[in-house]
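As structure tokens, the structure follows; a few thoughts come after it.
The values are calculated or read from the model by the stated rules, or taken from the named source; none is laboratory data. These numbers were taken from a predicted model, which means no experiment stands behind them. So basically every Cβ, Gly included, is an ideal-geometry build from the backbone, and we count neighbours across all protein chains shown.
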Amino acid sequence: MFKILIAEDDSDLRELFKKVLIQSGYAVLGVSNGQEALDALDKEYYDLIISDIMMPVMDGYELVRSLREAGNNIPVLTITAKDAFDDMRIGFLSGMDDYMVKPVNVNEMVLRVGALLRRAQIINERRLVIGNTVMECDSLTVHTNGESMVLPQKEFMILYKMASFPGKIFTRQQFMDDIWGYESESDTHTVDVHIGRLRDKFKNNNDFKIVTIRGIGYKVEK
Amino acid sequence: MKKRRRPTHLWRYFILMIAVGFLVTVVFQSSLIMIVEEIFKVKEILSVSQNRWILLGVIFAGFLIGGTTTVLISRKYFVPITKLSAEMQKVAQGNFDIQIETKSKVKAIKEIYSDFNLMVKELNATETLQTDFVSNVSHEIKTPITAIEGYATLLQNSNETTAEQAEYIDKILLNTRRLSELVGNILLLSKVDNKAIQRNESEFRLDEQIRQSIVLLEPKWSKKEIEFDVDMEDTVFSGDEKLMIHIWNNLIDNAIKFSPQGGEIKVSLKKENGKTKFIICDNGPGIPENEAKHIFNKFYQCDGSHKIEGNGLGLSLVKNILTLSGGEISVRNAEGGGAEFTVIM
């Protein structure tokens, strides 16, 4: 069973998050600030932290920063009242993995927790499973029903990225920045060419399909 | 700049005084001589023409001394005031960390300086108060709203509710969302109105920002099965990135709101005559002509749009952000119905 640590100073909210997560089958501990969270982490292992930003004693940014400085890569979902772009930037810079803006929809929170845990596992194992399809990061190989196919690196990265977040739309520019690098001179249409090849290679795969959102980008659907 | 301005002003003053002295002496020389003759009763000596020049010299020297004295005295006031004016300009630009000192022994000047320092301190405190206030209010209001929404969702998730109860829960959820959106918009609007936002200009890809905004709103438009027709040129834009995003979020959200199920939203971004032109067009009901001029007013909502959702602040926010960053927005009904918003920057 996955263990989740919640740092939130409002007791009603903390209880709410605990209830929802316990209902979804997680083991949960609630604490009321960043310092208490660090103390709890010293005593026991947790798989994920849900943290508020504005808390007394030690706030969420500081909590995440001190975790990352200590080399702890535990996934952190921050919950914040601030929706200003700048605050998000500070959050990601200090090392948070995902964020939600209050008022938080608890059903969505459960989904995000699941996705974060899945992603942490994908990162740890360097492989990803969708239905009967397995993608292995180190060998750039995709296995489907006993058949294996080695993909060129960039093609694999595009597919792997989309498959890590099924249903999420990625723009061409995002692929260019993440896979080709910010300095790349290549045209964004290069992405279209790679997607075309991927589509062709997996046209008989029933586990996922690559969907085009015209003028915006691509996503993988299960 | 401050150092160059000070002597220039004083020199001008000095030269002006001497020039006036010189002019007065030359133009009124005969009358002046008469006056002096009258006062001193020394007609005989001064009627000699050589002496006349000596007299002119004396008068001219008088003005010279007068001018110098004036300059010296005004220096005492002039220099501290020029300095004050330069510092005031900095405060007007939003720098509230200034404190100034003077060596002047004039009481009035010393008072002005200490009052100025006090004023800036107060302004600084108000500014901090307002920024903190906005983020505190936002945190303090949104935390209980999250609790309300969360517990209502728990009720909704349980299978033991009747159809009627489920309807009430839906209403609670819908209204908590409305409330939180309203709070967010009011706070942002008050920030923009008071220009409390420190403007941060940077270069960024505008077309990508708009695309990200469409991606962000994906849950809303995919639920209504809306198609996007996107035609955007690669555009590098210089502006306040975090403020601009609210323009696109609001305009796109608005278009989704008024689109019918399965509708289409057209988005285009082009360079035209050195300006950047963004157009968004939905195929909803459009805007009645007599209402078009009000839709950018705070809390204004077209008849019937109350029923849809929103709080009448979105477009007003868009307009204020654009005004702040030197852009403009207009609206018209597109051919074949639907509203078309045009942003020019």
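Could you list all residues from the stretch B:280-292 that are away from chain A (no Cβ under 14 Å), under 28 Å from the mean Cα position of the chain (by Cα) and either hydrophobic (A, V, I, L, M, F, W, C) or not in a helix (DSSP H, G or I) (or both)? B:A292 - this is the single residue of the stretch B:280-292 that is away from chain A (no Cβ under 14 Å), under 28 Å from the mean Cα position of the chain (by Cα) and either hydrophobic (A, V, I, L, M, F, W, C) or not in a helix (DSSP H, G or I) (or both).
Kindly evaluate B:L243 against the criterion of being in contact with a strand residue (DSSP E or B) (Cβ under 6 Å, 6 or more places away or on another chain), in a helix (DSSP H, G or I) and under 28 Å from B:R178 (Cβ atoms). Break it down stepwise before answering.
On the way: in contact with a strand residue (DSSP E or B) (Cβ under 6 Å, 6 or more places away or on another chain): no; in a helix (DSSP H, G or I): yes; under 28 Å from B:R178 (Cβ atoms): yes.
Spelling it out, it is not the case that B:L243 is in contact with a strand residue (DSSP E or B) (Cβ under 6 Å, 6 or more places away or on another chain), in a helix (DSSP H, G or I) and under 28 Å from B:R178 (Cβ atoms).
None of B:V192, B:V236 is loosely packed, with under 13 Cβ neighbours inside 10 Å, on the phi < 0 side of the Ramachandran plot and β-branched (V, I, T) except B:V236.
Quick grid of which residues meet (1) at pLDDT 90 or above; (2) of a type outside the set (G, A, S):
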site: A:A7; (1), (2): yes, no
site: A:K19; (1), (2): yes, yes
site: A:Y26; (1), (2): yes, yes
site: A:V31; (1), (2): yes, yes
site: A:S51; (1), (2): yes, no
site: A:M54; (1), (2): no, yes
site: A:G60; (1), (2): no, no
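May I ask you to verify whether B:D132 is within 14 Å of another protein chain (Cβ to nearest Cβ), loosely packed, with under 12 Cβ neighbours inside 10 Å, free of Cβ contacts under 8 Å to residues at least 40 places away in the same chain and assigned to a helix (DSSP H, G or I)? Here the answer is yes, as B:D132 does meet what is asked.
Could you tell me which of the residues B:S238, B:S190 is outside the structural domain of B:K277 (by TED's automatic domain parsing), of a type in the set (G, A, S) and within 28 Å of the chain's Cα centre (by Cα)? Don't jump to the end; show me each part of the working.
Values: B:S238 fails: outside the structural domain of B:K277 (by TED's automatic domain parsing).
Within the list B:S238, B:S190, the selection yields B:S190.
In the stretch A:1-25, the residues that are under 14 Å from A:A40 (Cβ atoms) and more than 12 Å from chain B (Cβ to nearest Cβ) form Cβ pairs under 8 Å with partners that are among the charged types (D, E, K, R) and outside any helix (DSSP H, G or I), at six or more places apart or across chains, as follows: A:K3/A:E44; A:K3/A:D47; A:I4/A:D47; A:A7/A:D52. Scanning the stretch B:210-218 finds one or more residues that are within 21 Å of B:G327 (Cβ to Cβ), at pLDDT below 90 and within 9 Å of chain A (Cβ to nearest Cβ).
B:V267 falls short on exactly one of the conditions (1) in contact with a Phe, Trp or Tyr (Cβ under 7 Å, 6 or more places away or on another chain); (2) closer than 18 Å to A:T188 by Cβ; (3) more than 9 Å from every other protein chain (Cβ to nearest Cβ), and that condition is (3).
Given the options A:S186, A:S148, A:S139, name the one that is not in a loop (DSSP other than H, G, I, E, B) and not assigned by TED's automatic domain parsing to the domain that holds A:A27. Don't jump to the end; show me each part of the working.
Values: A:S186 fails: not in a loop (DSSP other than H, G, I, E, B); A:S139 fails: not in a loop (DSSP other than H, G, I, E, B).
Sole residue among the options that is not in a loop (DSSP other than H, G, I, E, B) and not assigned by TED's automatic domain parsing to the domain that holds A:A27: A:S148.
Considered as a group, the residues in the stretch B:201-233 that are under 23 Å from A:E108 (Cα atoms) and among the aliphatic types (A, V, I, L, M) include one that is surrounded by the most Cβ atoms within 10 Å (Cβ to Cβ), and that residue is B:I214.
If I ask for residues that are at the interface with another protein chain (Cβ under 9 Å from one of its Cβ atoms), in a helix (DSSP H, G or I) and modelled with pLDDT of 70 or more, which ones from the stretch A:87-107 would you list? The answer is A:V106, A:N107.
Any idea which residue in the stretch B:1-44 is modelled with the lowest pLDDT, counting only those that are aliphatic (A, V, I, L, M) and either loosely packed, with under 10 Cβ neighbours inside 10 Å or outside the structural domain of B:P80 (by TED's automatic domain parsing) (or both)? Break it down stepwise before answering.
Step one: filter the stretch B:1-44 for residues aliphatic (A, V, I, L, M), giving B:1, B:10, B:15-20, B:23-24, B:26-27, B:32-36, B:39, B:42.
Filter again for either loosely packed, with under 10 Cβ neighbours inside 10 Å or outside the structural domain of B:P80 (by TED's automatic domain parsing) (or both), leaving B:1, B:39.
On the way: B:M1: 38, B:I39: 71.
Among those residues, the one meeting the criterion is B:M1.
Conditions (1) crowded, with 16+ Cβ neighbours inside 10 Å; (2) hydrophobic (A, V, I, L, M, F, W, C); (3) within 13 Å of chain B (Cβ to nearest Cβ); (4) touching a His at 6+ places or on another chain (Cβ under 8 Å), marked per residue:
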site	(1), (2), (3), (4)
A:N124	no, no, no, no
A:R127	yes, no, no, no
A:T133	yes, no, no, yes
A:G167	no, no, yes, no
A:Q173	yes, no, yes, no
A:D192	no, no, no, no
A:G217	yes, no, yes, no
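Being within 21 Å of A:S11 (Cβ to Cβ), hydroxyl-bearing (S, T, Y) and in a helix (DSSP H, G or I) is a property that holds for B:T153. In the set (1) of a type outside the set (K, R); (2) in a helix (DSSP H, G or I); (3) out of contact with any strand residue (DSSP E or B) (no Cβ under 8 Å at 6 or more places or on another chain), B:L251 fails one condition alone, (3).
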